Amino acid sequence: MKPIKVEHPLIEHKLAILRDKKTGTKEFRELISEITLFLCYEAMKDAKLHEVEIETPLTKTRAKMIDENDYVFVPILRAGTGMIDGIVTMIPNAKIGHIGLYRNEETLKPVRYYYKMPKGIENKQVIVIDPMLATGGSGIDAVTLLKEDGVKDIKFLSIIAAPEGLIKMQETHPDVKIYCAAIDDHLNDVGYIVPGLGDAGDRIFGTV
């Protein structure tokens, strides 16, 4: 499934500031949230609506709403948590899961060191969020673990993606729709996205 690059002049503008090494922690966090708004907007275009009856100041009428309980957003620790504010701005009652994992050096299988999901996760649409899709390792492992728990409908939101990570994710999980704001040039020899923006987690939490 081809990745969806979300394009808009405001995204390009905000990405330029986000990438700048002079951008401070406060502004960096705000930009992450703002770009996440655009990604969430695009990813929710196919959300199902149901009719409800409401009462305006003038009369009763029929309106359409999504069922916020049908969606779960799952940040990959730790950088993914920087995108939560943008998500809850769009969907205030969104259910949030968390997943932290590392790879066992002997078995090479993902190991969950933290995993907390809302009940009935297998019946929800799950949207995994992580600012950077670099090698694809963490994203692939997170999706694998969710599928092992019975989740069938998964999307992936990333602000910046590398071609190498996109290819690996598509090969491993071809059913997962990927949304990103930028597809960069390549990974360097230590796995950083170029031109990228450095380490997203360090810049979000001021641990540079």
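Where a number appears in this text, it was derived from the coordinates with a stated rule and is not lab data. Just so it is clear, the structure is predicted and the values come from calculations on it, not from any experiment. All Cβ positions, glycine included, derive from the backbone under ideal geometry; neighbour counts span all protein chains shown.
Brief remarks follow.
- A cut-off under 12 angstrom between Cβ atoms defines the neighbours of D85, and their net charge, with Lys, Arg +1 and Asp, Glu -1, is -1.
- Rounded, prolate or oblate (a/c below 1.5 giving rounded, otherwise prolate when a/b exceeds b/c) for the stretch 53-127 by Cα gyration tensor: prolate
- Listed residues D153, D141, D46, most fluctuating in the chain (Gaussian network, C-alpha, under 10 Å): D46
- With neighbours defined as other Cβ atoms within 10 Å of a residue's Cβ, the residues V6, V208 order from fewest to most as V208, V6.
- Exposure proxy for I183, I17: other Cβ atoms within 10 Å of each Cβ, ordered fewest to most, give I17, I183.
- Relative exposure of R62, R203, R29, judged by other C-beta atoms within 10 Å (fewest first): R62, R29, R203
- Shape category assigned to the stretch 1-86 from the gyration tensor of Cα positions, a/c cut at 1.5: prolate
- Charge dipole (debye, nearest 20) of the chain; +1 at Cβ of Lys and Arg, -1 at Cβ of Asp and Glu: 300
- Put simply, the C-alpha atoms of the stretch 4-205 give a gyration tensor, and the ellipsoid matching it has half-axes of 29, 22, 15 Å, longest first.
- Ranking P195, G24, P163 by how far each Cα lies toward the positive end of the dipole of the chain (charges on Cβ) leaves G24 at the top.
- Taking a span of 24 Å or more along the helix axis (Cα atoms) and a mean Kyte-Doolittle hydropathy of at least -1.0 as the rule, the DSSP H helices of the chain that qualify are 25-43.
- Farthest toward the positive end of the dipole of the chain, out of A63, L15, T172, is the Cα of A63, where the dipole comes from beta carbon charges about the Cα centre.
- The sum of -39500 (n - 2.57) across all DSSP H runs of n ≥ 4, divided by the residue count of the chain, sets its helix-only mean residue ellipticity at 222 nm to -9500 deg cm²/dmol.
- In loop segments of the stretch 88-139 as defined by DSSP, the trypsin sites (Lys or Arg not before Pro) with at most 12 further C-beta atoms inside 10 Å of their C-beta are K119.
- Candidate lysines - alpha carbon under 28 Å from K2, same-chain residues fewer than 8 apart omitted: K14, K45, K48, K95, K109, K124, K147, K152, K155, K168, K177
- If you take the Cα centroid of the stretch 155-177 and the Cα centroid of the stretch 37-76, the two points sit 26 Å apart.
- Local electrostatic count at T25 - Lys and Arg +1, Asp and Glu -1, tallied over other residues with Cβ under 11 Å: 0
- Near P118, once Lys and Arg are set to +1 and Asp and Glu to -1 for all other residues with Cβ below 10 Å from its Cβ, the sum equals +4.
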